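Down below is the structure, laid out as structure tokens.
Readers should treat all values here as calculations from the given coordinates under stated rules, not as data from a laboratory. Only a predicted model underlies this, so the values are computations on that prediction, with no experimental measurement involved. Cβ placement follows ideal geometry from the backbone for every residue including glycine, while neighbour counts extend to all protein chains displayed.
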Amino acid sequence: AQSVTQLGSHVSVSEGALVLLRCNYSSSVPPYLFWYVQYPNQGLQLLLKYTSAATLVKGINGFEAEFKKSETSFHLTKPSAHMSDAAEYFCAVSYYGNNRLAFGKGNQVVVIP
Amino acid sequence: NAGVTQTPKFQVLKTGQSMTLQCAQDMNHNSMYWYRQDPGMGLRLIYYSASEGTTDKGEVPNGYNVSRLNKREFSLRLESAAPSQTSVYFCASSSPGWETAQPQHFGDGTRLSIL
């Protein structure tokens, strides 16, 4: 079964510092990978997605992620954290011919002024 | 653009009561999904409907039923609510994308407490 691992349920980052959220997937076939963000009392919004066109994917709000097949990883980064980045972030995976998503357990990001 | 609309936004039930969560999308999507979100568990798929007239079980279907009423609407029913079903429920929709995965679009959720 497809699965995603996100380590560290809570991540604290200082305002202006690098945001790094790790995502590893288990797969023997090429996956589609997504990062979603959830603000308090809201649904999930798509940040970015990887569909094999390019290994470095740029998303909204200055976030980007790099697909590394050798490491089965799709880590999310942002060079400089902003207070508005405080939210929960989810990595998800699906496969060709199957639109079902498997989500990681999420990272709650806290931005410290 | 409304996107995905869920009703109600909040609900409190007593154990054993039944209720239906409603979901409607206005994006002409074929596929619709129901998830539950629990602290530290991420989102888990309850049921999904790949197209109008079809439904399939997801990861955690026990205690739930669904109805794909038409292309726009996909409802989730709890026949006899249990405290373990206290959760936040999300509906999502997507267009089919077998060659390039289409993202799912989410509603704002229904917060359900069962006493």
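So the values come out like this:
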| quantity | calculated |
| --- | --- |
| The protein assembly as shown pair-distance distribution - Cα-Cα, 10 Å bins, rounded % | 8, 33, 35, 20, 4, 0 |
| Where chymotrypsin sites (Phe, Trp or Tyr not before Pro) fall in DSSP loop in region B:39-115, at most 10 other Cβ within 10 Å | B:W98 |
| q = 0.13, 0.16, 0.21 Å⁻¹: log10 I(q)/I(0) that the Debye formula gives for region B:1-107, counting C-alpha atoms only | -0.45, -0.67, -1.14 |
| GNM top mover of A:P40, A:P79, A:P30 - chain A, alpha-carbon springs below 10 Å | A:P40 |
| For region A:43-113, convex hull of alpha carbons as volume per residue, Å³ | 112 Å³ |
| Rough spin-label spacing in nm, given labels placed 7 Å along Cα→Cβ, for A:S9 and B:S95 | 3.8 nm |
| Partner chain coverage, peptide A:32-40 - average Cβ within 10 angstrom | 2 |
| Given charges at Cβ of Lys, Arg, Asp, Glu: chain A dipole, positive-most of A:G104, A:T72, A:S14 | A:T72 |
| Distance in nm between pseudo-label sites at B:D26 and A:L56 (7 Å out along the Cβ direction from Cα) | 4.0 nm |
| Reach of B:K71 by Cα under 19 Å, taken over lysines that are not fewer than 8 positions away in the same chain | B:K57 |
| Separation of alpha-carbon centers, region A:50-88 and region B:32-95, rounded to whole Å | 28 Å |
